[in-house]
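K.L.:
After the structure tokens below, expect a handful of questions from me.
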Amino acid sequence: MPPAPPLLTLKDIRLSLGDKALFTGVEVAVGRGDRVSLVGRNGSGKSTLLKIAAGVVQPDGGEIWTQPGVKVAYLPQEPDLSGFATVHDFVAQGLSAAQADELHHVDILLDAVALDPSLDPTTLSGGEARRAALARLFVSGADILLLDEPTNHLDLPTIQWLEEELLRFRGGLVLISHDRAFLNRLTNTTFWLDRGVVRRNDAGFQDFDRWSEEVMAREAAEIHKLDKQIAEEAVWASRTLPARRRRNMGRLNKLQEMRKTRSLTIAKAGSVSMEADVGQASGKLVIEAEHVSKRFDDRVILDDFSTRILRGDKVGFIGPNGAGKSTLLKILTGQMQPDEGRVRLGTNLTMTYLDQRRGGLDDSKTVWDTLADTGGDHVNVRGTPRHVVGYMKDFLFDATQARSPVGSLSGGERNRLLLARTLAKPSNFLVLDEPTNDLDMDTLDLLQELLSEYEGTLLIVSHDRDFLDRVVTASIFMPGDGTATEYAGGYSDMVAQRGEGVAVSNATHAKAKTEKAEKAAAPKEKPKPRTAKLSYKQQRDLELLPRRIEDLTAEAELLEKTLTDGNLYAKDPERFQKTADKLDAVKTELAQSEERWLELEMLREEMEGG
């Protein structure tokens with residue numbers, strides 16, 4: 001049987017920005033079942049290519065072909081929610097005319113992403129706006145999804161929800177993302193946009209390093225066939241990729257040793273001998289927290305947490321948005337006082353703090369003046385003078401950008417400049433609150449290297465699982481119910497020790513927080529057994545699923561009736577195939593819905609009977 005034709009094809013795509021050719025003859029085909037990671041160096045044009053595929057940007061030349069009847073949905077980096085009175089209106093706009101009577105899908109998806117349908121879209125945070133845009137994307141019933149950095153500003157539970165939704169998606173998928181764990185799990189094909197040309201590898205992102213090294217090695221062997229500029233880039237890449245891998249292996253081996261040491265510290269902190277080593281050498285102890293609690297009104301943020309952090313420890317803070325990670329960070333660094341317990345900071349600490357807002361860059365200043373802010377041509381990098389241009393190159397800037405105004409930089413370049421300035425400050429105690437937000441993969445690689453080699457103590461809040469696995473020696477997990485538990489190692493180590501991930505619904509969080517606050521406020525007495533009941537999301541699913549099952553059953557019957565027309569295949573084979581594919585998808589969703597309803601109904605009966 002011949003392979004099915006692609007759903008979307010880009011042929012000989014050309015685009016120039018000024019006198020610079022961004023694309024020269026790009027060829028791309030996306031079929032049903034393709035799960036594509038679109039990768040490339042910063043500035044290579046990945047987002048622009050995705051916009052061309054979505055019809056948002058018109059190329060200078062080439063052809064864009066979409067199979068008749070195929071619907072393409074696009075998620076930009078910055079979703080625009082303007083012009084809508086409510087979040088529900090914005091999401092409902094994603095429904096096609098044929099779906100006009102399926103508004104219950106909007107409610108189901110908004111519940112899944114924990115958004116109030118009545119909210120004014122203009123009041124949403126960056127993460128909330130992205131969740132609304134994802135709900136609109138999934139409600140559209142599109143055949144192809146084009147997603148540009150979909151995990152930006154999402155917390156881990158939402159990222160894991162998104163992964164599950166995309167794994168169930170049966171159409172074509174193209175992803176641009178800096179989240180390696182996300183790409184590793186979801187993709188089965190890689191498009192590498194390199195110097196205006198797209199190379200294809202029929203393997204997921206996890207194979208990219210090996211494959212790209214092979215490609216660059218072949219190019220280096222044929223270097224005499226290339227012009228000088230391309231040859232230099234090929235040589236650079238062929239040397240850099242293997243060198244980076246060797247350095248990464250060395251750092252990971254060192255990190256494993258540090259994690260073993262940290263696991264002993266965690267075990268000691270949890271024992272009765274916690275006070276035994278208080279008189280350690282000056283500067284060895286960075287933070288000691290004992291029985292720390294914090295609440296805001298009736299909401300318990302932190303309940304009876306203790307830890308000891310020593311010089312050289314690198315500690316990650318993991319949990320959903322709103323769980324209290326930033327609050328705990330402020331308590332541990334002395335910026336906020338706990339309601340109960342005590343925090344003792346070590347001696348001779350010089351702290352550098354980078355918060356989520358990333359403020360402090362003056363657009364009118366040049367890159368040079370921003371780094372060498374005391375004048376001259378050198379930067380004091382943690383007490384060691386470095387020439388401005390040399391230090392810029394460490395952060396992937398070209399020497400020609402030295403006199404460029406900050407206002408002319410891209411978002412990724414601004415992030416690199418801010419990191420360069422922050423990390424130059426004399427510091428033995430570095431605190432980073434979500435530093436990976438909005439960073440491209442090149443900058444993430446750079447930041448990972450810098451933090452791995454940092455000899456001081458590091459506290460870091462991040463939702464990037466791969467980044468945490470490669471950087472931290474210990475993880476503090478906060479599910480949002482007031483508890484905080486420390487584990488040796490990174491995110492994967494935490495999951496292995498805990499036995500599960502962090503995919504907990506916001507409704508569950510709210511319920512847990514309420515129960516925790518009630519427990520804290522109540523007189524101390526022997527607890528009474530509570531009557532178990534379904535969570536809000538489970539109850540909502542139980543109410544909505546019967547209607548959904550009815551709709552799916554009716555849709556399946558209608559599709560089956562269409563396929564009973566014996567002349568349909570001969571008259572319109574394309575319509576026949578689309579109808580058959582749609583019937584297959586509907587039956588799959590129907591089976592899943594029935595199974596979910598039965599599971600919830602049995603759970604409800606068990607709870608009510610118990």
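The values are calculated or read from the model by the stated rules, or taken from the named source; none is laboratory data. The shown structure was predicted, so the numbers you read here are calculated from the model rather than taken from an experiment. Note that each Cβ is placed from the backbone with ideal geometry, even for glycine, and that neighbours are counted across all protein chains shown.
K.L.:
Hey, does region 25-42 have a residue that's at pLDDT below 90 and more than 21 Å from the chain's Cα centre (by Cα)?
P.N.:
Yes; the residues of region 25-42 include at least one that is at pLDDT below 90 and more than 21 Å from the chain's Cα centre (by Cα).
K.L.:
If you check every pair at least six apart or on different chains, which have Cβ atoms under 8 Å apart with a residue in region 453-464 that is of a type in the set (F, W, Y) first and a residue that is in a strand (DSSP E or B) second?
P.N.:
Y454/K314; Y454/L430
K.L.:
Here are some conditions: (1) surrounded by 20 or more Cβ atoms within 10 Å (Cβ to Cβ); (2) within 21 Å of L154 (Cα to Cα); (3) in contact (Cβ under 8 Å) with a residue 60 or more places away in the chain. D438 meets all but one. Which one does it not meet?
P.N.:
Result: D438 passes all but (1).
K.L.:
Just to be sure I understand the filter: pairs with C-beta atoms under 7 Å, separated by 6 or more residues or on different chains, first member in region 77-92 and on the phi < 0 side of the Ramachandran plot, second member buried (at least 21 other Cβ atoms within 10 Å of the Cβ) and of a type in the set (K, R). Which pairs pass?
P.N.:
Close Cβ pairs (under 7 Å, with a partner that is buried (at least 21 other Cβ atoms within 10 Å of the Cβ) and of a type in the set (K, R)) amount to P79/R130; F90/R136; V91/R136.
K.L.:
If we scan region 115-124, do we find a residue that is outside any loop (DSSP other than H, G, I, E, B), touching a helix residue (DSSP H, G or I) at 6+ places or on another chain (Cβ under 8 Å) and either under 28 Å from L156 (Cβ atoms) or not assigned by TED's automatic domain parsing to the domain that holds T48 (or both)?
P.N.:
yes
K.L.:
Looking at region 503-522, is at least one residue surrounded by fewer than 18 Cβ atoms within 10 Å (Cβ to Cβ), touching a helix residue (DSSP H, G or I) at 6+ places or on another chain (Cβ under 9 Å), at pLDDT 70 or above and within 22 Å of I159 (Cα to Cα)?
P.N.:
Looking for residues that are surrounded by fewer than 18 Cβ atoms within 10 Å (Cβ to Cβ), touching a helix residue (DSSP H, G or I) at 6+ places or on another chain (Cβ under 9 Å), at pLDDT 70 or above and within 22 Å of I159 (Cα to Cα), one finds none in region 503-522, hence no.
K.L.:
Any residue at all in region 421-440 that is in a helix (DSSP H, G or I) and over 25 Å from G334 (Cα atoms)?
P.N.:
No; the residues of region 421-440 include none that is in a helix (DSSP H, G or I) and over 25 Å from G334 (Cα atoms).
K.L.:
Next question, about the same structure. Filter region 81-106 down to the residues that are among the charged types (D, E, K, R) and at pLDDT below 90 and list them by number.
P.N.:
Residues satisfying the conditions are D101, E102.
K.L.:
Report yes if G346 is within 22 Å of L285 (Cβ to Cβ), more than 32 Å from the chain's Cα centre (by Cα) and at pLDDT 85 or above, otherwise no.
P.N.:
Spelling it out, G346 is indeed within 22 Å of L285 (Cβ to Cβ), more than 32 Å from the chain's Cα centre (by Cα) and at pLDDT 85 or above.
K.L.:
So G456 fits all but one of (1) closer than 30 Å to I176 by Cβ; (2) touching a Leu at 6+ places or on another chain (Cβ under 8 Å); (3) among the small types (G, A, S); what number is the exception?
P.N.:
Every listed condition holds for G456 apart from (1).
K.L.:
Separate question: For region 77-104, give me each residue that is part of a loop (DSSP other than H, G, I, E, B), of a type in the set (A, V, I, L, M, F, W, C) and surrounded by 13 or more Cβ atoms within 10 Å (Cβ to Cβ).
P.N.:
Residues satisfying the conditions are L81, F84, L95, L103.
K.L.:
Using beta carbons and a limit of 8 Å, which pairs, at least six apart or on different chains, have the first residue in region 187-214 and more than 25 Å from R14 (Cα to Cα) and of a type in the set (S, T, Y) and the second one assigned to a loop (DSSP other than H, G, I, E, B) and at pLDDT below 95?
P.N.:
That search, which allows pairs on different chains as well, returns T187/G204.
K.L.:
Mind checking which pairs have a first residue in region 473-489 that is closer than 13 Å to F305 by Cα and a second that is surrounded by fewer than 24 Cβ atoms within 10 Å (Cβ to Cβ) and acidic (D, E), Cβ under 7 Å, 6 or more apart or different chains?
P.N.:
From region 473-489, the pairs are I476/E486; G482/D303; T483/D303.
K.L.:
Does region 344-360 contain at least one residue that is over 26 Å from L255 (Cα atoms), assigned to a loop (DSSP other than H, G, I, E, B) and small (G, A, S)?
P.N.:
Within region 344-360 (the criterion being over 26 Å from L255 (Cα atoms), assigned to a loop (DSSP other than H, G, I, E, B) and small (G, A, S)), the answer is yes, since at least one residue qualifies.
K.L.:
I need a count of the residues in region 288-302 that are out of contact with any helix residue (DSSP H, G or I) (no Cβ under 8 Å at 6 or more places or on another chain) and either modelled with pLDDT under 90 or surrounded by fewer than 16 Cβ atoms within 10 Å (Cβ to Cβ) (or both).
P.N.:
Adding up the residues that qualify gives 3.
K.L.:
Do we have T327 as assigned to a helix (DSSP H, G or I) and closer than 27 Å to F467 by Cβ here?
P.N.:
Yes; evaluated as a whole, the condition is true for this residue.
K.L.:
Please identify the pairs in which a residue from region 559-583 that is at negative phi has its Cβ atom under 7 Å from the Cβ atom of a residue that is surrounded by 13 or more Cβ atoms within 10 Å (Cβ to Cβ) and charged (D, E, K, R), counting only partners at least 6 apart or on another chain.
P.N.:
L559/K582; L568/R575; L583/E560
K.L.:
Take residues that are buried (at least 18 other Cβ atoms within 10 Å of the Cβ) and tell me which of the strands (runs of 3 or more DSSP E) falling wholly in region 134-228 contain 3 or more.
P.N.:
Once the strands (runs of 3 or more DSSP E) in region 134-228 are filtered for at least 3 residues that are buried (at least 18 other Cβ atoms within 10 Å of the Cβ), what remains is 144-148, 172-176, 189-194.
K.L.:
Restricting to region 112-156, name every residue that is within 17 Å of I176 (Cα to Cα), of a type outside the set (A, V, I, L, M) and touching a residue at least 60 places away in the same chain (Cβ under 8 Å).
P.N.:
Within region 112-156, D148, E149, P150, T151, N152, H153 qualify.
K.L.:
Might you check whether a residue that is assigned to a strand (DSSP E or B) and either of a type in the set (S, T, Y) or in the same structural domain as D438 (by TED's automatic domain parsing) (or both) occurs anywhere in region 41-59?
P.N.:
No.
K.L.:
So which residues in region 188-214 are modelled with pLDDT of 90 or more and within 16 Å of A29 (Cβ to Cβ), if there are any at all?
P.N.:
The answer is N188, T189, T190, F191, W192, L193, V198, R199, R200, N201, D202.
For every residue, the table says whether it meets (1) without any contact (Cβ under 8 Å) to a residue 24 or more places away in the chain; (2) in contact with a helix residue (DSSP H, G or I) (Cβ under 8 Å, 6 or more places away or on another chain); (3) surrounded by fewer than 17 Cβ atoms within 10 Å (Cβ to Cβ).
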site	(1), (2), (3)
A21	no, no, yes
S37	no, yes, no
G40	no, yes, no
S44	no, no, no
V56	yes, no, yes
K71	no, no, yes
L75	no, yes, no
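K.L.:
Kindly provide the set of residues from region 381-396 that are assigned to a strand (DSSP E or B) and within 33 Å of the chain's Cα centre (by Cα), ordered by number.
P.N.:
Once the filter is applied, which keeps residues that are assigned to a strand (DSSP E or B) and within 33 Å of the chain's Cα centre (by Cα), region 381-396 yields only V381.
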